[in-house]
Amino acid sequence: MLFLTTAPLWITAVLLLVPTTILATCGPVIVRRHVTLNRLRANNEVAGFKFATIGVIFAVLLAFAIVIVWERFNQADNDVAKEAGGAATVLRLTQGLDSEHGDAIRKATLAYLRDAVAKDWPAMAQGRASHDVTSTLTGIYGAVLKFHTFDANEGLVIAEILRNVDEIGEARRARLVTASGIVPDIIWMVLFAGAFITIGFTFFFGTANLHAQSAMSGALAILIFGGLLTIIAIDHPFAGSVHVGPEALVAVIEDFGGAAR
């Protein structure tokens, strides 16, 4: 699934929609060559009831998967915004420290943001994490906890900085978990099996107008696999054509980068 996610959206759409639509369109014609119309019509009532049951079950499952994936995609976007917000707060709080200590924390924080943009995002596009960025994040803690004398006010500022650094780490951990994919393999198996079973059922209805039946089967295939395409496109929120970008982190770098030089 990672290949379909990372490929350009139009390629994924062609690979997913074209073969299945052709199969759905040709299926009734192939079945009609081997089974007479009268025999198919005899099964319309029973097949219609079973098709309605299967269709409802699959529709609920597909809709549930789309909603869950979309919610997790939005959560990934929120995690990046939370990470950027925590970094911006750290950079602002350094103004309450002495110049040497504040400069060290600002440089470490900006270095982390730059590494996250340059290394974490390419790694997450492959479902992995960058160990270099982990080391850079640890460097922020090192800069904050560097031993030196400070008064009570600076102690409060340092405590607040550490709380925000913890939020940065939690937000990064959340996006790394999401980057590996949202939908488990067993759900993919059920979704694709349900899609083919649902479409396959339409082959065994007996209608006088075979062209209309083929067209309806093709339209159903486009609708079902269009839904699956939506899930595939956003299953890995940091990969592919539809993804969460590092714009929030870049904005913090642009806002505070000049202050570190």
Task: When the chain is reduced to its Cα atoms, the Kirkwood hydrodynamic radius in Å - done: 21.7
Task: Relative contact order for the chain, counting Cα pairs under 8 Å that sit 6 or more residues apart, in percent - done: 43
Task: Cα lying deepest toward the dipole's positive end in segment 22-161, options T89, V60, A24, charges on Cβ - done: A24
Open item on the list: Leaving ligands and nucleic acids out of the surface, order E160, E154 by accessible area at 1.4 Å, largest first.
Closed with: E160, E154
TODO: Any lysines with Cα under 23 Å of the K146 Cα? List them, leaving off those in the same chain fewer than 8 positions away.
DONE: K107
Open item on the list: Using a 1.4 Å probe on the protein heavy atoms, what percent of the accessible area of the chain belongs to carbon and sulfur?
Closed with: 66
TODO: For segment 59-200, give the magnitude of the charge dipole about the Cα centre (Cβ charges: +1 Lys/Arg, -1 Asp/Glu; no others), in debye to the nearest 20.
DONE: 360
Task: Label-to-label distance, nm, for residues given as M189 and K119 (7 Å Cα→Cβ offset) - done: 3.8
Task: Estimated [θ] at 222 nm from DSSP helical runs (n ≥ 4, -39500 (n - 2.57)) normalised by residues in the chain, nearest 500 - done: -26500 deg cm²/dmol
TODO: At 18 Å minimum axial length over the Cα atoms and a Kyte-Doolittle cut of -0.5, report the qualifying DSSP H helices in the chain, or say none.
DONE: 9-34, 44-93, 131-144, 152-179, 185-201, 210-235
Open item on the list: With +1 on the Cβ of every Lys and Arg and -1 on the Cβ of every Asp and Glu, and nothing else charged, how large is the dipole of segment 37-120 about its Cα centre, in debye rounded to the nearest 20?
Closed with: 600
TODO: Could you order peptides 249-256, 106-113 by the average number of other Cβ atoms within 10 Å of their residues, highest first?
DONE: 106-113, 249-256
Task: Nearest-20 debye value, the chain charge dipole, Cβ charges on Lys, Arg, Asp, Glu - done: 1480
Task: Positive-end residue of L223, N209, S135, charge dipole of the chain with Cβ unit charges - done: N209
Open item on the list: From Cα pairs below 8 angstrom and at least 6 apart in sequence, can you work out the relative contact order of segment 120-221, rounded to a whole percent?
Closed with: 30
- [ ] Take the eigenvalues of the Cα gyration tensor for segment 43-167, scale each by 5, and report the square roots as semi-axes in whole Å, largest first.
- [x] 51, 16, 9
Open item on the list: Please compute the per residue accessible area over segment 166-261 with all protein chains in place, 1.4 Å probe, rounded to a whole number of Å².
Closed with: 44
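The values are calculated or read from the model by the stated rules, or taken from the named source; none is laboratory data. Model, not experiment: these values are computed from the prediction. Please note: Cβ atoms are built from the backbone with ideal geometry, for glycine as well, and neighbour counts cover all protein chains shown. With ligands, DNA and RNA removed, areas are computed over all heavy atoms of the protein, side chains included. Shrake-Rupley method; radii C 1.70, N 1.55, O 1.52, S 1.80 Å.
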